[in-house]
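To keep things clear, I will list the structure first and then write my remarks on it.
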Amino acid sequence: MNTDQIILIPIPALFSFEECLWFLNRNYDDCLHIIHQDNIMKAIEFEGQIFLIRIQENGSFLEVDILIGESSPESKRFITDYITEWFDLDRNIQPFYDLLKKDGRLAYMAEEYKGLRLLGIADLCEAICWCIIGQQINLTFAYKVKRRLIEKYGKKVDYEGETYYIFPESETLANADVEDLRAMQFSQQKIDYTIGTAKAFANGTLSKEMIKALPDFTSRKKALTNLKGIGEWTANYALMKSLKEPQCIPHADIGLLNALANHDIIADRSEQNKINAFFETFKGWESYAVFYLWRSLTVRV
DNA sequence: AACCAGGCGCATG
DNA sequence: CATGCGCATGGT
C-alpha cells in the first residue's frame, strides 16, 4: 500500500485493541463496521466524501489504511481525530483502574478487561436514534431494526464484496417514510421520536457542537430530554457515547441493574440508595464504571 | 408459553 | 414527586 494512504496513531498506556474489537463484536450484528481477525473496517464521511478505513495494530501504533477516499493532510487529520475519539485514546484511564482495584467486587476487571476503552459514537444524532430503537426491546432485535433502517436510508460503499454503511443523514431520516419505518418494526412512538430527533438535527435546533457548548452536565442533559423520546436513560447514554461525558449513569438501564446484581452491589432493582453509594466511589469515572459493568454481561469463551 | 427486553410519556394521587 | 399503565414485538 502507498504510504500516503497510511496513518500511524501511537497507542497509549492501558489500551488493548483486541479488547476493544471484542467488545465491538460481542455476539451482536452491528452493520456500521466489519470486524475481521485482527482488524476493523468502517466507512466514514468527510466533506461529502466517503472514506473506507481499515484499522489494525502495528507495534506500538494503530495503523489506519485508507482503502477508499482521497488522502490529504485534512482527511488524515479528520480520520486521526475520528479514531482517537472512537477508541477514547486521549484519556488517561489509570485513575479509573486505581478505583477499580480499590473495589473488591470489581478489581478483577482491571486484569480481565485490561485496556478496554469506552467506545464512542461520534454522530450524536446516530447515538440518540440508536437509543430510541433500543428502548425496551432486546438487543438482538434492536440490531435487526437498526440494520433495516441503515440499509434503507444510509450511504454505502462496496469494497471487495462487502458493503460498508454510514448512518443516515438527519435530513434523510427527517423525511423518512412512516410506512417504511412501520415495516421495519418501529413502533408508532419510536417513529415519532426518531423523525422528531432527526428533524431537530436537520433544522439546526440541535447539534453536537451546541450541546458541547453548554456550561454543565445538567444543562446538556436538559437540552436532550426536552426532546420527545429522550428520557433520562437516553440522555445519559448519548452523552456517554457521543460526548464522552465521564459522569453518565443510565439509571434504570436493565443491563446495568443486572450487572450490579451480578456483582452483589444490589440485591434487587429498587435499591437506588445502594446504587448511588456505589457510584459515589467512582466519582468522575461513572461512565467508565457503567461501561465495564456492561462489558461484564457478556462472557468470553 | 409466559416473561423479559440497553424506556418513555402521560395520567393520576 | 412517585406510581402505574400502554406501547409493541422478537427472543428465550
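The values are calculated or read from the model by the stated rules, or taken from the named source; none is laboratory data. Just so we're clear, the structure is a prediction, and the values are computed from it rather than from any experiment. Methodologically, a virtual Cβ is constructed for each residue, glycine included, from the backbone with ideal geometry; neighbour enumeration extends over all protein chains shown.
What is the number of the single condition among (1) in contact with a helix residue (DSSP H, G or I) (Cβ under 6 Å, 6 or more places away or on another chain); (2) at pLDDT below 95; (3) of a type in the set (Asp, Glu) that residue A:271 does not meet?
All conditions pass for residue A:271, except number (1).
Can you tell me which of A:74, A:57, A:47, A:19 is more than 17 Å from the chain's Cα centre (by Cα) and within 30 Å of residue A:300 (Cβ to Cβ)? Spell out how you get there, then give the answer.
Values: A:74 fails: within 30 Å of residue A:300 (Cβ to Cβ); A:47 fails: within 30 Å of residue A:300 (Cβ to Cβ); A:19 fails: more than 17 Å from the chain's Cα centre (by Cα).
On inspection, the qualifying residue turns out to be A:57.
Considering only segment A:171-189, I want to know if a residue exists there that is within 15 Å of DNA strand B (Cβ to nearest atom), out of contact with any Pro (no Cβ under 8 Å at 6 or more places or on another chain), part of a helix (DSSP H, G or I) and at pLDDT below 95.
Quick first cut of segment A:171-189, residues within 15 Å of DNA strand B (Cβ to nearest atom) only: A:185-189.
Among the residues that remain, those that are also out of contact with any Pro (no Cβ under 8 Å at 6 or more places or on another chain) are: A:185-189.
Adding the requirement that they be part of a helix (DSSP H, G or I) leaves A:188-189.
Checking which are at pLDDT below 95 leaves us with A:188-189.
Yes.
Just to be sure I understand, how many residues within segment A:226-253 are surrounded by fewer than 22 Cβ atoms within 10 Å (Cβ to Cβ) and closer than 20 Å to residue A:109 by Cβ?
5
Among what's in segment A:98-115 and is in contact (Cβ under 8 Å) with a residue 24 or more places away in the chain and more than 21 Å from the chain's Cα centre (by Cα), pick the residue that is nearest to residue A:298 (Cα to Cα). It would help to see each step written out before you state the result.
Residues of segment A:98-115 that are in contact (Cβ under 8 Å) with a residue 24 or more places away in the chain, as a first pass: A:99-100, A:102-103, A:105-106, A:109, A:113-115.
Cutting the leftovers down to more than 21 Å from the chain's Cα centre (by Cα) gives us A:99-100, A:102-103, A:105-106.
Details: A:99: 22, A:100: 19, A:102: 23, A:103: 21, A:105: 17, A:106: 15 Å.
It comes out as A:106.
Restricting to segment A:222-269, and then to whatever is more than 16 Å from DNA strand C (Cβ to nearest atom) and acidic (Asp, Glu), can you tell me which residue is farthest from the chain's Cα centre (by Cα)?
Residue satisfying both the conditions and the ranking: A:264.
This table checks each residue for (1) free of Cβ contacts under 8 Å to residues at least 60 places away in the same chain; (2) surrounded by 17 or more Cβ atoms within 10 Å (Cβ to Cβ).
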| site | (1), (2) |
| --- | --- |
| A:149 | yes, yes |
| A:153 | yes, yes |
| A:156 | no, no |
| A:159 | no, no |
| A:164 | no, yes |
| A:167 | no, yes |
| A:174 | yes, yes |
| A:179 | yes, no |
| A:182 | yes, no |
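Anything in segment A:202-230 that is assigned to a helix (DSSP H, G or I) and within 17 Å of residue A:133 (Cα to Cα)? List them, or say none.
Passing the criteria: A:224, A:225.
Restricting to segment A:200-222, name every residue that is surrounded by 13 or more Cβ atoms within 10 Å (Cβ to Cβ) and closer than 24 Å to residue A:256 by Cα.
A:217, A:220, A:221
Would you mention how many residues in segment A:114-144 are touching a Leu at 6+ places or on another chain (Cβ under 9 Å) and within 16 Å of DNA strand C (Cβ to nearest atom)?
Total meeting the criteria: 1.
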